[in-house]
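Peer 1: A single structure is presented below for examination.
The values are calculated or read from the model by the stated rules, or taken from the named source; none is laboratory data. Computed from a predicted structure; not experimentally measured. Don't worry about glycine lacking a Cβ; one is built from the backbone with ideal geometry, like all the others, and counts go over all protein chains shown.
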Amino acid sequence: MIKTFKAAALALMLGTTSAMAADISAPAAFDWSGGYLGIDFGAALNSSQWSSPTNSYLPFNTNGSGAALGGVLGYRRQMENNVVIGAEVSGDWVGVDGEANCVTFTPTCITKQDFLGLGQVNIGLAQGRAHVYISGGAALGDYHYSEITSLNQAWDGGMRLGWTAGAGFDYAINDKWLAGVRWNYYDFGTQSNGGGISPVVVNFKESGNLITARIEYKF
């Protein structure tokens, strides 16, 4: 009888220990639902094509690249089957400065891009603490155009409205801190800007890529 009791007690202890070990070793499921606030940093690569309606300029590009630094604010909702949907706004200072020779070897024409803002919706899949997604929405960019070493003229610049599409990957470091990488293509189409001396009007076609890493706090 005593032997039977000891054997049952030992089996119970072993079963309890095994269950506790399983509970400790099994990681808790991560829920991607919630708001988040963070910073991003990386690079912007802009393509700027110039052309003149009066053919004073043959088409040419003042492509440029520069650093990007900004912030992000968004919300995600994890659905059934690990589908994650969300919305996000971001704004980045971008130090893009692109130069090219306008006519023959002189003068030099310059495109400066100072700001890039994105408002997007996202859809993706979560696998534990990993999350991969695609995104799309509206883009807002700030541009300035000038010519130096000849007429020292400038054309009207300012904010441009366009569209964006991209993809990204996020990883939950813990329950509150997230890290990720993201790529976005943006396109502002062609816009005719006046204000110059010769030519008075120039067509500016703008598009590019934004590549960033990010750190986010989930709340």
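Peer 1: Mind checking which residues of the stretch 169-204 are surrounded by 15 or more Cβ atoms within 10 Å (Cβ to Cβ) and β-branched (Val, Ile, Thr)?
Peer 2: Scanning the stretch 169-204 gives VAL181, VAL200, VAL201, VAL202.
Peer 1: Given ALA126, ALA44, which one is touching a helix residue (DSSP H, G or I) at 6+ places or on another chain (Cβ under 8 Å), crowded, with 21+ Cβ neighbours inside 10 Å and part of a strand (DSSP E or B)?
Peer 2: Values: ALA44 fails: touching a helix residue (DSSP H, G or I) at 6+ places or on another chain (Cβ under 8 Å).
Among ALA126, ALA44, only ALA126 is touching a helix residue (DSSP H, G or I) at 6+ places or on another chain (Cβ under 8 Å), crowded, with 21+ Cβ neighbours inside 10 Å and part of a strand (DSSP E or B).
Peer 1: Looking at the stretch 152-168 only, could you name the residues that are under 13 Å from the mean Cα position of the chain (by Cα) and either at pLDDT below 95 or within 15 Å of GLY74 (Cβ to Cβ) (or both)?
Peer 2: THR164, GLY166, GLY168, listed by residue number.
Peer 1: Next question. Here is a list of conditions, (1) surrounded by fewer than 15 Cβ atoms within 10 Å (Cβ to Cβ); (2) farther than 21 Å from GLY91 by Cα, and GLU147 meets all of them except one; can you say which number that is?
Peer 2: Answer for GLU147: the failing condition is (1).
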